[in-house]
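Everything below concerns the one structure shown next.
The values are calculated or read from the model by the stated rules, or taken from the named source; none is laboratory data. Quantities reported herein were computed from a predicted structural model and do not represent experimental measurements. Cβ sites come from the backbone with ideal geometry, for glycine too, and all protein chains shown count toward neighbours.
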Amino acid sequence: MATFVTMLRYGEEGIKGVGANRTVAVKEAIKRVGGTFVSGYELLGSYDAMIIVEYPNEQAALKANVELNRLIGVSSNTMIAIPISDSDQDFACFL
């Protein structure tokens, strides 16, 4: 499973439905495509929320994002997250 980070912005309709029921619906949509919800955060700044999800592949991530955009009225920006370990000397300078 690959890790994906999705940054979310609520639209006018999306902000109306914020709540626990919608969080359950999001987790169910992710699970339907074979994904696993890892964590989620509300944010201050350019984005309103962020979720971290593991998906089996990019196609599953795409399907889930289209569904989330439709389901909860958000626009999203999804990126694959590649872990940097202590043994990754080529990338250690970025931290």
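Remarks
- Any hit, region 4-18, residues being among the polar types (S, T, N, Q) and farther than 16 Å from S76 by Cα: no
- A search for C-beta distances below 7 Å between a residue of region 31-51 that is on the phi < 0 side of the Ramachandran plot and any residue that is among the basic types (K, R) and surrounded by 15 or more Cβ atoms within 10 Å (Cβ to Cβ), counting only pairs 6+ apart in sequence or on different chains, returns V33/K63; F37/K27; Y47/R9; D48/R9.
- Any hit, region 61-71, residues being out of contact with any Ser or Thr (no Cβ under 8 Å at 6 or more places or on another chain), closer than 21 Å to I15 by Cα, surrounded by 13 or more Cβ atoms within 10 Å (Cβ to Cβ) and at pLDDT below 85: yes
- Within region 68-86, residues that are touching a residue at least 40 places away in the same chain (Cβ under 8 Å) sit with their Cβ atoms under 8 Å from residues that are acidic (D, E), at 6+ positions apart or across chains, in these pairs: G73/E12; G73/E13; V74/D48; I80/E58.
- Scanning region 1-30 for residues that are hydroxyl-bearing (S, T, Y) and either exposed (fewer than 12 other Cβ atoms within 10 Å of the Cβ) or free of Cβ contacts under 8 Å to residues at least 40 places away in the same chain (or both) returns a single hit, T23.
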